[in-house]
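One structure coming up, written as structure tokens, with questions to follow.
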Amino acid sequence: MSDKKTKLPFLSLLRASWQPYKLLLGYLLPYKTRFILGIACGIGYAVISGLFPLIILFVGRQVFGGGSGSFVLPGAIGRLAEHLPFLQESAKAGTAGILAACIIVPLVMMVRSSFSYLNSYCMSWVSFRMLRDLRRALFAHLLHQSMDFFNKSKSGKLISRVSNDVRVAQSAFISVASDIFKDPFSIVVGAVVLFNIDWKFCIVTLILFPICLVPIIVFGKKVRKAGKAEEEEAGAMSVILQESFLGIRIIKSFAREEFQADQFTRSSEQQFRNSMRVKKSMDIVQPLIETVSAFGVTLALLYVYFYNIPPEQLLALLAGIFLLYEPAKKVSRLHMLMQKALAASTNVFALMEQMPTIQDAPDAKEITACKGAIEFRDMGFSYGPDIPAVKHFNLKIEPGSQYALVGPSGAGKTSVLSLLQRFYDPQEGCIRIDGKDIRRFRQQSLREHIGVVSQESFLFHDTIAENIRFGRLDATREEIEQAAKQAFAHDFILAQPHGYETIVGDKGCLLSGGQQQRLSIARAILKNAPILLLDEATSALDSESERMIQSALEGLTTGKTVIAIAHRLSTILKSDCIVVMDQGNIVGVGRHADLLESSDIYRHLYQLQFHSHKTDEKP
Ligand SMILES: Nc1ncnc2c1ncn2[C@@H]1O[C@H](COP(=O)(O)OP(=O)(O)OP(=O)(O)O)[C@@H](O)[C@H]1O
Ligand SMILES: [Mg+2]
């Protein structure tokens with residue numbers, strides 16, 4: 001949001017803040033009943049606060065007048081009070097009357113406090129509901145972003161947006177929403193009452209009030225700027241935290257604990273400075289206003305001295321001034337809070353407005369009865385403006401056949417698999433499944449028909465059973481075990497301390513690499529999708545592991561259309577067809593023996609990658 005200089009800062013603020021506020025209001029709407037109830041209680045509280053000087057004046061007259069004075073309130077309010085018989089009767093009733101009158105003070109205070117509590121209860125309720133909804137919406141929105149979005153974003157920053165900025169936005173919003181009705185109301189009612197009691201006194205007291213606007217405006221701007229920096233740095237901080245815990249093995253291997261800790265220290269140092277800047281700007285306003293109002297009080301006292309104000313009236317006026325003081329203080333903070341909410345909610349809604357680059361076509365359909373025929377038609381794709389990752393890619397894969405993709409690192413193999421899953425759309429050409437462009441299917445339906453075992457097998461910090469169930473959420477325990485058996489994982493799972501209920505640790509760190517891979521194969525077996533993509537790990541597993549994974553994969557691939565990025569000779573030899581890629585191009589298609597003859601790149605790869613340590617697996 002631009003920080004344009006304008007002669008009317010309040011108007012420009014209103015304009016700038018309207019958009020995020022309008023969006024926040026959308027989240028408020030479902031809870032409008034409670035919100036309105038909260039506001040009503042706030043107004044009830046405000047009205048009682050405003051009228052309180054009258055009660056003091058009344059009680060004061062009783063007490064200072066020895067209970068005998070007839071009860072006369074000034075101006076129109078006085079005329080109204082003459083029609084309230086209980087006031088008049090208690091006024092005439094002597095000492096008993098004084099007692100009755102005095103009891104009014106705690107009674108009124110009790111009602112006022114109840115309103116205050118209910119106001120705060122309703123507002124908090126609405127506020128936490130909004131927080132929940134907004135977080136949920138933001139999180140779901142983020143999950144639906146396309147891959148390019150995640151390639152560019154730091155996940156720690158996103159975490160901070162969901163957990164931190166949303167909280168700041170909603171809490172500031174709700175206190176603004178609550179106070180914007182309550183406090184101006186208190187001030188107006190209070191001012192009317194005070195004017196009614198003694199208008200000259202009020203003018204003398206409040207004459208300096210406009211001066212207070214200056215610090216509010218000046219420091220409001222600072223809060224907004226510093227608030228934005230504060231949110232940014234909070235994001236940077238959670239980036240460091242998140243990466244440190246995720247990369248803890250690397251950090252320890254390189255003995256970089258101190259280095260990471262220093263980075264964190266720098267970030268928290270910066271965060272300290274930012275928070276102080278916000279706090280300073282927010283807190284300087286109040287003392288400034290207090291100082292100005294102290295001059296007001298001086299003027300008021302002089303007025304009292306020269307005009308001989310009776311004590312009960314002074315008491316009422318002072319009570320009124322003090323009760324006005326609280327909401328006035330809050331109103332002065334309102335502007336600051338609005339600025340802070342603005343900084344945070346601008347961040348949040350900027351994310352909410354970002355639409356996924358890949359979206360379902362309006363008439364996108366479900367895939368029905370997928371046979372698994374895949375065709376790449378003159379496909380061209382690049383991640384950025386510069387170098388294409390895949391060029392003129394033409395390939396037709398019959399249903400149920402098994403293809404291997406081989407090629408040097410960076411040849412574009414993983415990119416082809418990503419394009420098939422529609423993580424990205426090719427800039428040229430198209431991909432067809434069963435003769436239909438994949439852009440005509442719903443993304444979710446497309447991906448439900450594609451099973452993936454990827455290079456790094458990601459496991460969640462959950463039980464083994466739940467990790468396998470991720471492949472098909474409605475799978476029964478028997479199906480899970482069946483899948484594990486097919487993946488040659490059942491035996492090692494039973495050997496774990498709690499069998500299928502064993503927690504695998506963060507990213508599966510309590511299991512070996514080969515075991516993790518077999519779990520992700522079991523997951524894919526459970527999914528039972530007609531198309532299967534394998535991105536084999538480059539790391540050489542020991543031959544026992546290798547053999548088991550190979551057998552596991554066999555259980556997975558039978559009858560499926562398979563594209564495997566092959567780093568294992570066994571996969572290559574089993575394939576119906578091998579596709580050799582180099583720099584985004586297909587440079588050879590055929591079977592192993594033919595390619596050894598015809599393709600230099602393949603021969604080179606074979607010698608480098610497979611031949612050296614797989615001499616026992618002669619073709
Ligand atoms: N997310 C990305 N953003 C930008 N460029 C990318 C991205 N992913 C890959 N690339 C680039 O695209 C090209 C092809 O990468 P790709 O991951 O498809 O290679 P690969 O054949 O799978 O390599 P490897 O065998 O090492 O896994 C490379 O030049 C790479 O730098
Ligand atoms: Mg790859």
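In the chain, what is the volume of the convex hull around the alpha carbon atoms, normalised per residue and reported in Å³?
In the chain, the Cα convex hull volume per residue is 226 Å³.
So for the pair Ala137, Thr368, with labels modelled 7 Å out along Cα→Cβ, what separation do we get in nm?
Each label point lies 7 Å from its Cα, and together they span 3.5 nm.
Here's a follow-up. What does DSSP give for the chain in terms of the percent of beta bridges that are antiparallel, rounded to the nearest 5?
In the chain, approximately 50 percent of DSSP beta bridges are antiparallel ones.
Which FRET efficiency value, to the nearest 0.05, is calculated for Glu501 and Thr476 with the Förster distance at 22 angstrom and r the Cβ-Cβ distance?
0.90
Along the charge dipole of the chain, which of Pro426, Ala341, Asn151 sits closest to the positive end, that is, farthest toward it, with unit charges on the beta carbon of Lys, Arg, Asp and Glu (+1, +1, -1, -1)?
Sorting the options by dipole projection puts first Ala341.
Divide, for segment 18-353, the radius of gyration over alpha carbons by 2.2 N^0.38 Å, where N is the residue count.
1.31
Report, by chain and number, residues whose modeled amide H sits under 5 Å from the one on Gly429, excluding near sequence neighbours (fewer than 5 apart, same chain).
Hits under the 5 Å cutoff: Gly380.
Amide H of Asp535 versus every other amide H placed in the peptide plane: which residues, excluding those fewer than 5 positions away on the same chain, fall under 5 Å?
Val453, Ser454, Gln455, Ile565
Something else about it: Quick one: Debye curve from the alpha-carbon atoms of segment 113-159 only, equal weights, vacuum; give me log10 I(q)/I(0) at q = 0.22, 0.27, 0.31 Å⁻¹ to two decimals.
-0.78, -0.94, -1.04
Now, a different point. Taking a quarter of the surface of the Cα convex hull of segment 281-374, what do you get in nm²?
So the mean shadow area of the Cα hull is 13.0 nm².
Hey, which of these cross-link pairs are over 31 Å Cα-Cα: Lys200/Lys330; Lys157/Lys391; Lys200/Lys279; Lys157/Lys279; Lys228/Lys252?
Exceeds cut-off: Lys157/Lys391; Lys200/Lys279; Lys228/Lys252.
I would also like to ask the following. Suppose R0 equals 30 Å; then what is the FRET efficiency for Gln607 and Lys396 from their Cβ-Cβ distance, rounded to the nearest 0.05?
FRET efficiency, Gln607 to Lys396: 0.55.
Taking every pair of distinct Cα atoms and averaging 1/r, then inverting, what Kirkwood hydrodynamic radius in Å comes out for segment 335-383?
Radius from the Kirkwood sum: 15.9 Å.
Right, another one. If you take the Cα atoms of segment 151-262, find Rg, then find the Kirkwood Rh from the mean of 1/r over all pairs, what is Rg/Rh?
1.30
Here is a further query. Just the number, please: Stokes-Einstein D of segment 444-584 in µm²/s, Kirkwood Rh from C-alpha pairs, 4 °C, 1.567 mPa s.
Value of D from the Cα-based Kirkwood radius: 85 µm²/s.
List the chymotrypsin sites (Phe, Trp or Tyr not before Pro) in segment 305-390 that DSSP assigns to loop (not H, G, I, E or B) and whose Cβ has at most 15 other Cβ atoms within 10 Å. Which are they?
Answer by residue number: Tyr383.
Further question on the same structure: Can you give the Kirkwood hydrodynamic radius for segment 183-330, in Å, rounded to one decimal and based on Cα pairs?
The answer is 19.1 Å.
While we're on this one: Pull up the cross-link candidates among the lysines for Lys527, meaning alpha carbon to alpha carbon under 22 Å and not fewer than 8 places away within one chain.
Answer for Lys527, where 22 Å is the Cα cut-off: Lys365, Lys371, Lys485, Lys507, Lys560, listed by chain and number.
Taking segment 342-501 on its own, what percent of its Cα-Cα pair distances exceed 26 Å?
Result: 47 percent of Cα pairs exceed 26 Å.
Which of the aspartates and glutamates could a cross-linker span from Lys22 if the Cα-Cα distance has to be under 15 Å and same-chain partners fewer than 8 positions apart are dropped?
Answer for Lys22, where 15 Å is the Cα cut-off: Glu353, listed by chain and number.
In addition: Using 1/(1 + (r/R0)^6) with R0 = 41 angstrom and r between the beta carbons of Tyr383 and Arg591, what's the FRET efficiency to the nearest 0.05?
0.80
Under the definition of Cα pairs under 8 Å and six or more residues apart, what whole-number percent is the relative contact order of the chain?
RCO, the chain: 14 percent.
If you don't mind, another one. As a test of the formula, what do you get for the chain when each DSSP H run with n ≥ 4 contributes -39,500 (n - 2.57) and the sum is divided by the residue count, at 222 nm and rounded to the nearest 500 deg cm²/dmol?
One gets -21500 deg cm²/dmol as the mean residue ellipticity at 222 nm.
Where a number appears in this text, it was derived from the coordinates with a stated rule and is not lab data. These figures come from a predicted structure and were not determined experimentally. Cβ coordinates were reconstructed from backbone atoms using ideal geometry, including for glycine residues, and neighbour counts include every protein chain displayed.
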